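Only one structure is covered here, and it is reproduced in the block below.
The values are calculated or read from the model by the stated rules, or taken from the named source; none is laboratory data. Note that the coordinates shown come from a computational prediction; the quantities given were computed from them, not determined experimentally. A quick note on method: Cβ atoms are made from the backbone with ideal geometry, for glycine too, and the neighbour counts reach across all protein chains shown. Surface accessibility is based on the protein's heavy atoms, side chains included, excluding ligands, DNA and RNA. Shrake-Rupley method; radii C 1.70, N 1.55, O 1.52, S 1.80 Å.
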Amino acid sequence: LHPAGRFILKRVSACGKGGLQCGSIYCYSGIGITAKPNLDLLESVAHTVKSLKGCWIIGGDWNCSPAQLAATGWPAKVGGIIKAPAAATCNESTYDYFVVARELDSAVMGVHVIGDAGLNPHSPSRLVFRGVPRKALVRQVKSPPPLPPILPHGPLNEQSTVLDPLK
């Protein structure tokens, strides 16, 4: 369905009920997002995304600006919103960013460029989510109350009944 090495999608089950579908895309470079190979890639990804149940995130090297991707109408077609960092990710352009499901829009706190990743010319970007305080609780062992150091006065009383182990 997808050209080899251009799109991958996996479910992360540790993120909420039903999990979260996380994808990575690498559009063809040097030809523009409106070229037939890129439009075909976006169409195949749209087909996959529309078949998903639940929330999804697709991040990667789109090889176009967020405005150019939005102009294709693809994010609206899949019900997604573009989340891009304010800083450039490749030379003076922003090519590395995310498209998230519309349901996740309020949960996204921001997108930041990781400047010291050591990659050239691209710098990766990081998607940051808001925490849900009630779901981020940590279980703690509650210590028992302290026992007072009061000992009985004198020896223990003798048992009045004898225990017979054979009965």
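At-a-glance table
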item: Contact order normalised by residue count of the chain, Cα under 8 Å, 6+ apart, percent; result: 15 percent
item: His112, His122, ranked by accessible area, largest first (probe 1.4 Å); result: His112, His122
item: GNM flexibility winner over the chain from Leu39, Leu52, Leu20 (Cα, springs under 10 Å); result: Leu52
item: Per principal axis, descending, Cα span of the chain in whole Å; result: 98, 39, 28
item: Selected from Ser51, Ser93, Ser29 as most flexible by GNM, with the chain as the system and alpha-carbon contacts under 10 Å; result: Ser51
item: Degrees between helix 36-50 axis and first principal axis of the chain (Cα, 0 to 90, nearest 10); result: 30 degrees
item: Heavy-atom accessible surface of the chain: percent carbon and sulfur, 1.4 Å; result: 57 percent
item: Positive-end residue of His2, Pro66, Gly80, charge dipole of the chain with Cβ unit charges; result: Gly80
item: 10 Å-binned pair-distance histogram of the range 1-75 (Cα, whole percent); result: 19, 51, 25, 6
item: DSSP beta bridge pairing in the chain, given as percent antiparallel to the nearest 5; result: 80 percent
item: Of Ile114, Ile82, Ile57, the one that fluctuates the most in a GNM where the chain has Cα springs shorter than 10 Å; result: Ile114
